[in-house]
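See structure below.
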Amino acid sequence: MADLRREHPPAALRARRGGRGEVSCVIRADTTLEACRLVRETPPGYGFGEAALRAARYFRFQPPTRGGVPLVGERVTFGVEFGPSPGSEAR
């Protein structure tokens, strides 16, 4: 996804590192997310957590339902993977 590549942390790009940020967000009725918070990032120190929080705006989730009624305001936790930059060596 091209938009996610834009969110790759600059320090990680310079170091040719990939990583992951895990976020937890509230699902809105329109399938967008709000009130996102960082759960964890790996490896630390490259900005993958903040990048995952910024990237959350690109994701859409259907709210869960009970009896056919959407349960707006439920939380979802998911990971955002950032691959190593092009030309980097596997380590």
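Just so it is clear, none of the values below were taken in a lab; they were calculated from the coordinates. Because the structure is predicted, anything quoted here is derived from the model rather than measured. For neighbour counting, all protein chains shown are included, and Cβ atoms are generated from backbone atoms with ideal geometry for every residue, glycine included.
Using a Gaussian network model on the chain with a 10 Å cutoff between Cα atoms, which of ALA12, ALA29, ALA52 fluctuates the most? Top of the fluctuation ranking is ALA29.
Averaging 1/r over every pair of different alpha carbons in the chain and inverting the result gives a Kirkwood radius of 13.9 Å.
At 222 nm, what value in deg cm²/dmol follows for the chain if DSSP H runs of at least 4 each add -39500 (n - 2.57) and the sum is divided by all its residues, to the nearest 500? Write down the numbers at each step before the final one.
Values: 3 runs with 19 residues, N = 91.
One gets -5000 deg cm²/dmol as the mean residue ellipticity at 222 nm.
Of the residues ALA35, LEU4, PRO63, the one whose Cα sits farthest towards the positive end of the charge dipole of the chain is LEU4 (charges of +1 on Lys and Arg Cβ, -1 on Asp and Glu Cβ, taken about the Cα centre).
Computed 3J(HN,Hα) for region 56-72, one whole-Hz value per residue from the Karplus formula 6.51 cos²θ - 1.76 cosθ + 1.60 where θ = phi - 60°, is 4, 5, 7, 8, 10, 9, 6, x, x, 10, 9, x, x, 9, x, 9, 5, glycine and proline marked x.
Might you report the magnitude of the Cβ-based charge dipole of region 2-82 about its Cα centre, with Lys and Arg at +1 and Asp and Glu at -1, to the nearest 20 debye? Don't skip to the end; give the middle numbers.
Values: 14 positive and 9 negative charges, 43 e Å.
That gives region 2-82 a dipole magnitude of about 200 debye.
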